[in-house]
1. Looking only at residues that are within 28 Å of LEU58 (Cβ to Cβ) and touching a Leu at 6+ places or on another chain (Cβ under 9 Å) in the range 166-185, which one is surrounded by the most Cβ atoms within 10 Å (Cβ to Cβ)?
2. Sort out which residues of the range 102-125 are buried (at least 20 other Cβ atoms within 10 Å of the Cβ) and closer than 23 Å to TYR72 by Cβ, and write them in order of number.
3. Could you check the range 144-165 and list, in sequence order, the residues that are surrounded by fewer than 23 Cβ atoms within 10 Å (Cβ to Cβ) and outside any loop (DSSP other than H, G, I, E, B)?
4. Can you name every residue in the range 124-143 that is within 14 Å of the chain's Cα centre (by Cα) and assigned to a loop (DSSP other than H, G, I, E, B)?
5. Return a yes/no flag: does the range 89-104 have any residue that is modelled with pLDDT under 95 and either more than 21 Å from ALA50 (Cα to Cα) or not small (Gly, Ala, Ser) (or both).
6. If GLY68 meets every condition in (1) out of contact with any Phe, Trp or Tyr (no Cβ under 9 Å at 6 or more places or on another chain); (2) small (Gly, Ala, Ser); (3) modelled with pLDDT under 95 apart from one, which number is that one?
7. Being hydrophobic (A, V, I, L, M, F, W, C), within 17 Å of ALA55 (Cα to Cα) and in contact (Cβ under 8 Å) with a residue 60 or more places away in the chain is the requirement here; does VAL155 meet it?
8. Scan the range 55-75 for residues that are within 12 Å of the chain's Cα centre (by Cα) and among the small types (Gly, Ala, Ser) and jot them down.
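The values are calculated or read from the model by the stated rules, or taken from the named source; none is laboratory data. None of the values given here were measured: they were computed from a predicted structure. Positions of Cβ are generated from backbone atoms using ideal geometry, with glycine treated the same way; all protein chains shown enter the neighbour counts.
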Amino acid sequence: MIRPLLLLLAALLGLSPAMAQPPQEAPADVRVALDTDAGRIVVAVHADKAPVTAANFLRYVDQKRFDGTLFYRGVGAADYGFVQGGTQNDPKRILPPIKHEPTTQTGLTHDDGALSMARYAPGSATGDFFIVLGKMPAMDAQPQQAGGDNQGFAVFAHVVEGMDVVKAILAAPKSATAGEGVMKGQMLAAPVKILTVRRVP
């Protein structure tokens, strides 16, 4: 059963679909290819800027824990929104949760092509992630906001090839009945299978 993510829908309200250039690849970045039944997505994992979150993602990659998982959620339309995939809290796949790395610490932001960790409370992220299309600053840490959870989500990578695949996943039909709470109506009617996830040269 898919448990609802935080109210990410709120991040979509009141924001214009502005586009931003992702950070340039650095020598410390690790390239990873996600081969899906919709095509290949290649990402640059920012191991130097987000060491805790990047190392967690790479553990899932190296242990082949993402193989056979799904992109199962899409929020937004056209070139603006996000798609979510990963382990879906499968106890056979998930590793212990990791310390939260806010964007104020890493200097990374939720811009076009950013990969970020899905979570509930800060420090609860395991093996689910989402890819951003457009620019979503409301998902960044907001330390100036008093009270509540203002830590945002942890960006750790950017798409460097295959944004057309990400857009196709976002555009795929949604189920009118699947999903719980805010996620109802956001689940893909035909989830996209993640065949393999591997480091590439």
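1. Ranking the candidates gives VAL166 first.
2. HIS110, ASP112, GLY113, ALA114, LEU115, SER116, MET117, ALA118, ARG119, ALA125
3. Residues satisfying the conditions are VAL159, VAL160, GLU161, MET163, ASP164, VAL165.
4. Passing the criteria: ALA125, THR126, GLY127, GLY134, LYS135, MET136, ASP140.
5. Yes.
6. So the condition that GLY68 fails would be (3).
7. Yes.
8. Listed by number, the list holds a single entry, GLY74.
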